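A.B. asks: Have a look at the structure that comes next, please.
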Amino acid sequence: MATFIPPPSKRQRIAVADKAREQQDIESIPDHLGSIRVQFYDQATGKSSGAPVSIPVADATVKNLELLLNTLQRNDTSERIPYRFSYRSETSGSNLNNTLDISHDLYHSLLKSGLKTTEDSISLQYTPQAVFRVRAVSRCASSIPGHGEAILATSFSPSSSSRLVTGSGDNTARVFDCDTGTPMHTLKDHTSWVLVVSWSPDDSTIATGSMDNTIRLWDPETGKTLGTALKGHTKWVNGLAWEPYHLQTQGRARLASSSKDATVRIWDVVSKRIESVLSGHKGSVSCVRWGGTGRIYTSSQDKTVKVWDASKGTLIHTLSSHAHWVNHLALSTDFVLRTAYHDHTADIPPTEEGKIAKAKERFEKAATIDNQVVERLVTASDDFTIYLWDPSTSTKPLARLMGHQKQVNHVTFSPDGLYIASAGFDNHVKLWNARDGKFITTLRGHVGAVYMTCFSPDSRLLVSGSKDCTLKVWDVRTGKLKEDLPGHKDEVYAVDWSPDGGKVASGGKDKAVRIWRH
Amino acid sequence: MPQNEYIERFQKQHGRRLDYEERTRKRTARESHRVSKDSQHLTGLRAKLYQKKRHHEKIQMKKQIRQKEESNVKSSGPAEPSSTPLPQYLLDRSQPTNAKALSSAIKNKRNEKAAKFSVPLPKVKGISEEEMFKVVKTGKKTAKKGWKRMITKPTFVGPDFTRRPVKYERFIRPMGLRYKKAHVTHPQLKVTVQLPIISVKKNPQNPMYTQLGVLTKGTIIEVNVSELGMVTAGGKVVWGRWAQVTNNPEMDGCLNAVLLV
């Protein structure tokens, strides 16, 4: 009587097949191809890292290239920087065409498809990636009740993930301590829904914009209101944008607010006065952004995007290509402008000059492409398309991003400025290359309209909140679903990833603020 | 019985008593005293009738007071465009009256334990077996035994149903009385949509009718609501939801139902 081992279960079979496939991929670089000459260029400055290097094709994986480049750059072994490599063909003069990411190794990306042969010399661009890695949030750390109505906006403090502010339909905003999951302050002076909340980049003030046409300023530490309401708008406030920290005259921060009444107002936060009114739009101004080069970008339901000079309060450009309402706009430097001098190292310069210098340095690092400070702009519209602009050089769009099948509600740049994520009412999130606007992938999984997306600070993950009551965390590089986070009992209206990457906060129609963490 | 409007006529001709205003003022002033005395001293049927009348009066009074109070409050700020708070990116959009309200209503309702088993039509009229079934007497063998029945009411027959051999077929469900779709009304949104039936969950008349898929008034059916785009808390699309038949389909020739909330 022989004993038979039972046949492997389906799960075991799938695991074996997966493993086999992976190993197949790794091994399948033929080793008879010899070597290839590679020249590295910095993507931001365009400078080469030295003479071309000859690399055996069999070993030319991204890991090994990273190691090589770190050695070429003479980086200390203790602080190796991960790099992302992309190939740009020299044949076309424009720098917008033919950029190709090296996903795993040179052979599969370039040689196998016949783009290049081993005879050629290859020039690769490298971009440093975040040295820290954010882990995907996977569980609900706390669900905090307290708001009496739906939560309409949420924002983490730029300095840490332990402070959060939410605006709600019960006419209050609340400040939470996320470490303990408890409410700290209730900010109640508004007489109608709080539609937008925004922390100042130096973490000292919270601004809230409301349905009652006013903006109020609050001290996040004490929860007290700072002076009276900023009155002036005749309709509700749609968006708020703080002046970037490195542009502020010391102690006189300014704030731009966009409103349904078709104007944008710039407020002096200290004297609570209107500094200038930017009128020119013919419809509700849906979104406002204050760029790091002293320009204000506004998008409106009159189908146009306008660029204003913040110091003079004059119109510079009108960007009109959209065929319907412009819903949202994002800057490639949004993340650094929001966090100013706060970065992952958590060392804050002691002096005011140091802070400004650091904020300026971070901004310039994020905005520099080919040795120029370039602030890219991306706008999402009801005409199902997204436009990518470079307003400093041209009033014509760089690219038209088509693919959504319904209105596009929200766009974001990744903090490193390499990806654009767009969320639409067609239940999909789409990823685009931020350099040339090329389509990368569609993130499918939501069964309701996606209202909002947010990148993790290291740009490797993306979280999206949807009408279908869930949050989903996506891996940006592979385009796969990383975590599905059910838990909300109703639509998720607002989601935010903390600037230090530790937590995700979300709020929606079910009146509870949820904090998610690894 | 008064003949003609003689009182009005007299008043037009001669006017009222000179102290009429004074008397009515005094009577209304004493009215509350009279009411108080009545409520304390009436007994028996009169007391019952009086209490009932007074109860209704008080309800009306309370309502009026509440209305008055609401109108007195000064509303500051502009009126909100919708009753439920919405984020700014949804404010100018016409919200499609979708089935979303339904699913949240269901959630709220589930919290009330008593409401768990309540349905819109709690009671139905009984249907006798004689009315439900017709004895089939055609054919040689059948006529002799008389065990074959034809169902005289509308039925739902699943898509995978195949008839049994005639010899063994005890119940016949006529093709002409089979229904695949129902007009389902959403009770809150007051929207009616035609939805495919998935199954018959419960016929209140008889468990056997449930098995046979008989559709009578009060029957609980499961309908396919995937088109409505409702989602569960886990972010999955809701597929089947229960509804109760509200009409007599055999009389109307169509099937109306109301979604259970």
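A.B. asks: In the structure shown, do any of A:Lys10/A:Lys503; A:Lys282/A:Lys355; A:Lys312/A:Lys358 have a Cα-Cα gap over 28 Å, and if so which?
C.D. replies: As for pairs spanning more than 28 Å Cα to Cα, those are A:Lys10/A:Lys503; A:Lys282/A:Lys355.
A.B. asks: Search the structure for amide H atoms under 5 Å from the amide H of A:Tyr493, placed 1.01 Å from N in the peptide plane, and list their residues when 5 or more places away or on another chain.
C.D. replies: For A:Tyr493, whose amide H was placed from the backbone, the distant partners under 5 Å are A:Gly507, A:Gly508, A:Lys509.
A.B. asks: So what's the back-of-envelope 222 nm ellipticity for the protein assembly as shown, counting only DSSP H runs of four-plus at -39500 (n - 2.57) apiece and dividing by all residues, rounded to 500?
C.D. replies: Calculated from helices alone, the mean residue ellipticity at 222 nm is -5500 deg cm²/dmol.
A.B. asks: Taking amide H atoms as placed 1.01 Å from N in the peptide plane, list the residues 5 or more away in sequence, or in a different chain, whose amide H sits under 5 Å from that of A:Val429.
C.D. replies: Correct list: A:Leu443.
A.B. asks: Then there's this: Would you mind checking the tilt of helix B:44-72 against the longest principal axis of the Cα atoms of chain B, expressed as 0 to 90 degrees and rounded to 10?
C.D. replies: Its long axis makes an angle of about 90 degrees.
A.B. asks: Another one. At what distance in angstrom do the alpha carbon centres of the range A:108-185 and the range A:191-208 lie from each other?
C.D. replies: 19 Å
A.B. asks: Hey, rough spin-label estimate for B:Cys254 and A:Thr441, points 7 angstrom out along Cα→Cβ, what's it come to in nanometres?
C.D. replies: 4.9 nm
A.B. asks: Helix B:20-41 sits at what angle to the longest principal axis of chain B, using alpha carbons and giving 0 to 90 degrees rounded to 10?
C.D. replies: 50 degrees
A.B. asks: Quick check: the distance between the Cα centres of the range B:192-261 and the range A:216-257, to the nearest angstrom?
C.D. replies: Answer, in whole Å: 54.
A.B. asks: Sorted from largest down, give the three principal axis spans of the alpha carbons of the range B:163-236, whole angstrom values.
C.D. replies: Principal extents (Cα only, largest first): 48, 25, 23 Å.
A.B. asks: Between A:Val38 and residues 5 or more places away or on another chain, which pairs have amide H atoms under 5 Å apart, with H built 1.01 Å from N, and which residues are they?
C.D. replies: Counting only residues 5 or more places away or on other chains, the set is A:Val53, A:Ser54, A:Ile55, A:Ile122.
A.B. asks: Between helix B:100-111 and chain B, what is the angle of the helix's C-alpha long axis to the longest principal axis, kept within 0 to 90° and rounded to the nearest 10?
C.D. replies: Taking Cα atoms only, the helix is inclined about 80 degrees.
A.B. asks: Can you tell me which lysines have their Cα less than 21 Å from the Cα of B:Lys58? Leave out same-chain residues fewer than eight positions away.
C.D. replies: Cα-Cα hits under 21 Å: B:Lys37, B:Lys48, B:Lys68.
A.B. asks: Let me ask something else about it. At R0 = 56 Å, how high is the FRET efficiency between B:Arg30 and B:Thr192 if r is their beta carbon distance? Nearest 0.05 is fine.
C.D. replies: 0.50
A.B. asks: If you average the C-alpha positions of the range B:1-20 and of the range B:52-72 separately, how far apart do those two centres end up, in angstrom?
C.D. replies: 35 Å
A.B. asks: Please build a GNM for chain B, connecting alpha carbons under 10 Å apart, and tell me which residue among B:Ser226, B:Ser36, B:Ser118 fluctuates the most.
C.D. replies: Sorting by GNM fluctuation, first place goes to B:Ser36.
A.B. asks: Could I ask something else about it? Past 18 Å, Cα to Cα, is the threshold; run B:Lys140/B:Lys167; A:Lys467/A:Lys509; A:Lys260/A:Lys306; B:Lys145/B:Lys167; A:Lys467/B:Lys190; A:Lys430/A:Lys472 against it and keep the listed order.
C.D. replies: A:Lys467/B:Lys190
A.B. asks: Go through A:Lys47/A:Lys480; B:Lys181/B:Lys217; A:Lys112/A:Lys438; B:Lys180/B:Lys201; A:Lys47/A:Lys396 and tell me which ones have a Cα-Cα distance over 25 Å in this structure.
C.D. replies: Long pairs (Cα-Cα over 25 Å): A:Lys47/A:Lys480; A:Lys47/A:Lys396.
A.B. asks: Am I reading the A/B interface right? What is its buried accessible area, both sides, 1.4 Å probe, to the nearest 100 Å²?
C.D. replies: 2600 Å²
A.B. asks: What FRET efficiency do you get for A:Ala51 and A:Leu481 if R0 is 56 Å and r is their Cβ-Cβ distance, rounded to the nearest 0.05? Before the final figure, lay out each step's value.
C.D. replies: On the way: r = 43 Å, r/R0 = 0.77.
Efficiency, from the Cβ-Cβ distance: 0.80.
A.B. asks: For the protein assembly as shown, give me the percentage of DSSP beta bridges that are antiparallel, rounded to the nearest 5 percent. Don't jump to the answer; show the numbers that get you there.
C.D. replies: Details: 153 of 165 bridges.
Looking only at bridges with both residues in the protein assembly as shown, the antiparallel portion is about 95 percent.
A.B. asks: On to the next question. Which of the listed residues, A:Leu461, A:Ile440, A:Val492, is farthest toward the dipole's positive end in the range A:440-500, when Lys, Arg count +1 and Asp, Glu count -1 at the beta-carbon?
C.D. replies: Value computed over the given set: A:Ile440.
A.B. asks: How large is ³J(HN,Hα), in whole Hz, for each residue of the range A:189-199 in order, when computed from phi with the Karplus curve 6.51 cos²θ - 1.76 cosθ + 1.60 and θ = phi - 60°, using x for Gly and Pro?
C.D. replies: Residue by residue, the range A:189-199 yields 9, 5, 10, 8, 3, 8, 8, 9, 10, 8, 8 Hz.
A.B. asks: Here is a follow-up. Give me the log10 of I(q) over I(0) for the protein assembly as shown at q = 0.05, 0.10, 0.11 Å⁻¹, as the Debye formula computes it from C-alpha points; what are the numbers?
C.D. replies: Cα-only, vacuum Debye calculation for the protein assembly as shown: -0.41, -1.08, -1.20.
A.B. asks: For A:Ser35 and A:Glu221, what does the FRET efficiency come to when R0 = 56 Å and r is the distance between their Cβ atoms, rounded to the nearest 0.05?
C.D. replies: Rounded to the nearest 0.05, the efficiency is 0.40.
A.B. asks: Place the peptides A:504-513, B:182-191 in order of packing, highest mean first, counting for every residue the other Cβ atoms within 10 Å and averaging per peptide.
C.D. replies: Working: A:504-513: 25.9, B:182-191: 17.1.
Listed from highest to lowest mean packing, they are A:504-513, B:182-191.
A.B. asks: In whole Hz, with x marking every Gly and Pro, tabulate ³J(HN,Hα) for the range A:49-57 from phi via Karplus 6.51 cos²θ - 1.76 cosθ + 1.60, θ = phi - 60°.
C.D. replies: Calculated HN-Hα couplings, in order: 8, x, 6, x, 10, 9, 10, x, 4 Hz.
A.B. asks: OK, next. I need the phi-derived Karplus couplings for the range A:410-416: 6.51 cos²θ - 1.76 cosθ + 1.60, θ = phi - 60°, integer Hz, Gly and Pro marked x.
C.D. replies: Whole-Hz 3J(HN,Hα) from phi for the range A:410-416: 8, 10, 9, 8, 6, x, 7.
A.B. asks: For the pair B:His14/B:Arg170, report the inter-label distance in nm, with labels modelled 7 Å from Cα in the Cβ direction.
C.D. replies: 8.8 nm
A.B. asks: Next question, about the same structure. Put simply, what bits of the range A:457-501 lose 10 Å² or more of accessible area when the other protein chains are there, versus the chain on its own (1.4 Å probe)?
C.D. replies: A:Lys467, A:Asp468, A:Cys469, A:Thr470, A:Asp484, A:Pro486, A:His488, A:Lys489, A:Asp490, A:Glu491, A:Tyr493
The values are calculated or read from the model by the stated rules, or taken from the named source; none is laboratory data. These figures come from a predicted structure and were not determined experimentally. All Cβ positions, glycine included, derive from the backbone under ideal geometry; neighbour counts span all protein chains shown. Side chains are part of the model used for accessible areas, which takes the heavy atoms of the whole protein and leaves out ligands, DNA and RNA. Shrake-Rupley method; radii C 1.70, N 1.55, O 1.52, S 1.80 Å.
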